[in-house]
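As structure tokens, the structure follows; a few thoughts come after it.
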Amino acid sequence: MGVADRKEREKEEMKTKILEAAKKLFLDHGFEKTSIRNIAEEIEYSPGTIYLYFKDKNELLFALHQEAFQGLIAKFMVVAPIVDPFEQLIAMGHEYLKFAIENPELYELMFLMTAPIEALECRCDVWEDGHTALNMLIAIIEACKTQGYFKGQDSDDLAMMIWANVHGFASLHLRRRMSMFPEEERIPRLQRALEVMIESLRKL
């Protein structure tokens, strides 16, 4: 490995180290209560080191947010080979819920913390990652409509309804509202609720 390659690898390793420390502190203490100095102390470097990689705290959080969405979109791509669009829609719902359950910290950053949206507002950006994920859902709904499903339904409104429902299932789990049930029942209950929603969609 050449000197340039080694330096690039070291740069990427440091960036990853900073992001992991920031994620931990944002989730443990909250975005507002976490400073660049706190993150620097976590990785045992000076604050100046972090500023070599990220302009400010908002940019750092935005990078985590983008990384998390890339993981979700990769999950959505798994359903792409499914020929039947309604079966694709079913699989997408299950992949979304599975992602939330298996990646609670990432889901928190993506959908439950208000800070990422505030970071976007500071950048004067739209929520591009959210639009990308939602547009994938809308495209599948449109494909379903060509197969005779969802007659007379508006695709955008239907996408919002589906997203809100599946997000609600995920949030109940991540906010520990399912703790009223025995542990072994919690996720199966959510999965059955998702199936009920799917069967309701099938009848539209």
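Quick notes on this one:
- Test: residue in the stretch 5-15 that is under 23 Å from the mean Cα position of the chain (by Cα), open to solvent by less than 40 Å² (accessible area, probe 1.4 Å) and free of Cβ contacts under 8 Å to residues at least 24 places away in the same chain: no
- Pick from the stretch 152-173, criterion open to solvent by 30 Å² or more (accessible area, probe 1.4 Å) and among the aliphatic types (A, V, I, L, M), ranking: farthest from Ile90 (Cα to Cα): Leu172
- Inspection of the stretch 28-45 identifies at least one residue that is touching a Leu at 6+ places or on another chain (Cβ under 8 Å), farther than 18 Å from Asn103 by Cα and assigned to a loop (DSSP other than H, G, I, E, B).
- Any hit, the stretch 78-96, residues being over 30 Å from Val196 (Cβ atoms) and out of contact with any Leu (no Cβ under 6 Å at 6 or more places or on another chain): no
- The helices (runs of 4 or more DSSP H) found wholly in the stretch 113-185 and carrying at least 3 residues that are within 26 Å of His65 (Cβ to Cβ) and at pLDDT 90 or above occupy 128-146, 155-174.
- Single residue of Phe69, Phe76 found to be surrounded by 19 or more Cβ atoms within 10 Å (Cβ to Cβ) and more than 13 Å from Glu105 (Cα to Cα): Phe76
- Residues that are closer than 18 Å to Glu108 by Cβ and in contact (Cβ under 8 Å) with a residue 24 or more places away in the chain were ranked within the stretch 31-43; the one that is least open to solvent (accessible area, probe 1.4 Å) is Phe31.
- Test: residue in the stretch 44-61 that is open to solvent by 60 Å² or more (accessible area, probe 1.4 Å), over 21 Å from Glu128 (Cβ atoms), free of Cβ contacts under 8 Å to residues at least 24 places away in the same chain and aliphatic (A, V, I, L, M): yes
- Residues (farther than 15 Å from Met77 by Cα and open to solvent by 60 Å² or more (accessible area, probe 1.4 Å)) located in the stretch 133-151: Glu142, Lys145, Thr146, Gln147, Lys151
- Leu194 being at pLDDT below 95, within 19 Å of the chain's Cα centre (by Cα) and of a type outside the set (Lys, Arg): no
- Condition check for Glu8: at pLDDT 90 or above and not hydrophobic (A, V, I, L, M, F, W, C): no
- Among the residues making up the stretch 83-105, those that are part of a helix (DSSP H, G or I), among the aliphatic types (A, V, I, L, M) and either surrounded by fewer than 17 Cβ atoms within 10 Å (Cβ to Cβ) or touching a residue at least 40 places away in the same chain (Cβ under 8 Å) (or both) are Leu89, Ile90, Met92, Leu97, Ala100, Ile101.
- Selection within the stretch 186-204 - in a helix (DSSP H, G or I), basic (Lys, Arg), open to solvent by 70 Å² or more (accessible area, probe 1.4 Å) and without any contact (Cβ under 8 Å) to a residue 60 or more places away in the chain: Arg189, Arg192
- Taking the criterion of being assigned to a loop (DSSP other than H, G, I, E, B) and in contact with a helix residue (DSSP H, G or I) (Cβ under 6 Å, 6 or more places away or on another chain), the residues of the stretch 47-77 that qualify are Tyr53, Phe54.
The values are calculated or read from the model by the stated rules, or taken from the named source; none is laboratory data. Keep in mind it's a predicted model, so treat the numbers as computed, not measured. Cβ: placed from backbone, ideal geometry, glycine included. Neighbour counts: every protein chain shown. For the accessible areas, the whole protein counts, side chains as well, though only heavy atoms, and no ligand, DNA or RNA atoms are used. Shrake-Rupley method; radii C 1.70, N 1.55, O 1.52, S 1.80 Å.
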